Amino acid sequence: MSNFFQCNRKFIPALLFRMFPLAVMLWFSSCQKQAVITAGITVDYPSESTLFPPDIIAPTLRWHDAVKEVDRWSVSIEGVPNSSAYLSNTSSWRIPIQDWESIKRIYADKTAVVAIRGMNSKKPKKILSFGKVSFSFSKDSVVAPIFYREVNIPFEDAVKDPSKIKWRYGTVSSEQRPRVVLQNLKVCGNCHSFSKDGKTLAMEVDSGNDKGAYAIMPMVKDILLDRTKIISWANYRPQDKDPTFGLLCQVSPDGKFVAGTVKDQALAVYKPDLMFSQLFFLIKGIVAIYNREKREFSTLPGADDKQFVQTNATWSPDGADIVFSRARAYNLDVFTRQRRALVGGPEAEEFIANQGRSYKYDLYRIPFNNGKGGKAEPIPGASDNGMSNYFAKYSPNGKWIVFCKAKNYMLLQPDSKLYIIPSHGGEARMLACNLPVMNSWHSWSPNSRWLVFSSKVNGPYTQLFITHIDDNGNSSPAVQLENFACADRAANIPEFVNNSPDALEKISDDYLDAYSYYRIANEFHKSGDFERAIPAYQLALKYNPKDYHAHNNLGALLWSMGDHEAAYKEFVAANNLGIDDAEHYEAHTNLAVYLLDKGKFEDAIKELSTAYKLHPDSVTLLNVEKAKSRKNSKINEQNALQY
């Protein structure tokens, strides 16, 4: 070799000079080829620089590829043995459990990088696209379980049939879906809250004819939800005869008090749109306090001005202050005269027509002062900002408040974002975890390091996410709770519980009465679902055989279904109750129809005459005369046949 160089000292420089352009071309071509294969793939989840809790299960990576020829992908994790062997025929891949455990050990204090390469199955060795994402792990575990609700949508379906709603309880560290602890509740159950120590659970429930019913239960493995656990917000000044729902309530940190909204009215509009099927927000209400030890209701002075709607009260961790949402009450006199807790239909038109009427809330703080209240003050950063501010939640360490901000209204707002402020108020900063569509229903973990919230970023069926909050109030990109997602229900109202994962196994309900089932039956009846309305009426009668309306309505349904003899028995049962007032004429009329059908004209005329006496505005003498005419026609027809 040395002889070659010695003999060609003049030739080599000339050769190199001639090869230089070719080398440049090869180098440029290589750069171009590298540029192609280092692009094309965009990782959708997790986001770049996501911070995972150390106790979460393995995530599923999702991406999309701009190169059409790609039909398979290889996925590798830097520093993890054998991970490059994984291939995927779809644009998603869940990190194997064993690899995830290795990743958590290897990258406990540094950043992990996942590389994804796109290929074509016909040319498996050629890389056509490339993408990567990096993530890391927090030193803060989540630990605490989450209690949340799965609800069938659109929401109007859930209102008609709440039995499909489920409540679950579980941890982010379990490979199993959170267990169902409550289901098949025949009436509506909504917002819930826990005391700071996780030993008390409070929950909005319907009971009989009382929309203000509210359950307060000790947190034990098997909870029996019976009448001894239920109070009613309607018991605050019942002499006023104002409707009360008792909405958006929260139990105090020590479990001794509950703050709720009374004398409230809400605008409720149900829409067929699966994505956002409900418009619901409070337009009237004052904050009330229930003292559990004294079993007494009172309003909270400073949050009881009837010129405003004051709602969504939340406690500071030490129980010293309450933060609530406030807006000027809407058209107060008209809705007071209507005496309805829910307002919809034509009254709601100006809120849903075109862009809708503006309605915004500000956050106010008031001292609890052992129920004596005080002066309510607007919270800087969460009031008078041209937006609607609501759902305030203190961090358990008392350092921060996270709240929702949207252009208008309250629940289920597409533009809702999560903001953070110091607990005393200050500049509001939008959290980095916010996703493009609806961010709401948030709750802090007991260690004040994690926030769980709901979002519709992946479609109409709301899913749960968590984010890490550091000492400076900065949040990390959202981490999806994949095992908490359901394909046909929306997950909402998540709440961290300061208790063990096995603290709650089951909630059994034993408080429904005849009227509860009657209301359920009526909802099915109004929606035309007769198949489910009939057994619901039968259940109502099982609890109360003397329910006139249940007998009559059941009879009417059975008649419409063609079972005339069964219908006859229900009409007779209703009339045999001997109730003779204006509201109880219908069963006489319905029985008359049956009797006319059977040709029993004299009996039919008697029933119609009784109905006329009870309610002449609905049963005219003309009805009686028509029955007599039918009788005479039948007699004449029979005489003609005999002749």
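Side notes on the structure shown:
- Simple spin-label estimate for K399 and S358 gives 3.6 nm between the two label positions (7 Å along the Cα-to-Cβ direction from each Cα).
- Amide H contacts of L411 (H built 1.01 Å from N, under 5 Å, at least 5 apart or other chain): F280
- Of all accessible heavy-atom area on region 422-461, the percent that carbon and sulfur account for (1.4 Å): 55
- Each listed q (0.19, 0.26, 0.31 Å⁻¹) maps to a log10 I(q)/I(0) for region 414-465 from the Debye sum over equal C-alpha point scatterers, namely -0.67, -1.06, -1.24.
- Between K139 and E505, the simple label model (points 7 Å from Cα in the Cβ direction) yields a spacing of 3.9 nm.
- Under 5 Å, built H, 5+ apart or other chain: amide partners of D226: D510
- For R179, nonlocal amide neighbours, meaning residues 5 or more places apart or on other chains whose placed amide H falls under 5 Å from its own, are Y169.
- Burial order of peptide ranges 141-147, 241-247 (average beta-carbon count within 10 Å, highest first): 141-147, 241-247
- Accessible surface, per residue, of region 400-511 when the full set of protein chains is kept, probe 1.4 Å, Å²: 31
- Label-point gap, in nm, between K294 and K122 - each point 7 angstrom along Cα→Cβ: 8.3
- Probe 1.4 Å, accessible area per residue of region 104-241, Å²: 43
The values are calculated or read from the model by the stated rules, or taken from the named source; none is laboratory data. Predicted, not measured: the structure shown is a model, and the values here were computed from it. Because the Cβ atoms are built from the backbone with ideal geometry, glycine has one as well, and the counts that use them run over all protein chains shown. In case anyone asks, the SASA skips ligands and DNA or RNA and just uses the protein heavy atoms, side chains included. Shrake-Rupley method; radii C 1.70, N 1.55, O 1.52, S 1.80 Å.
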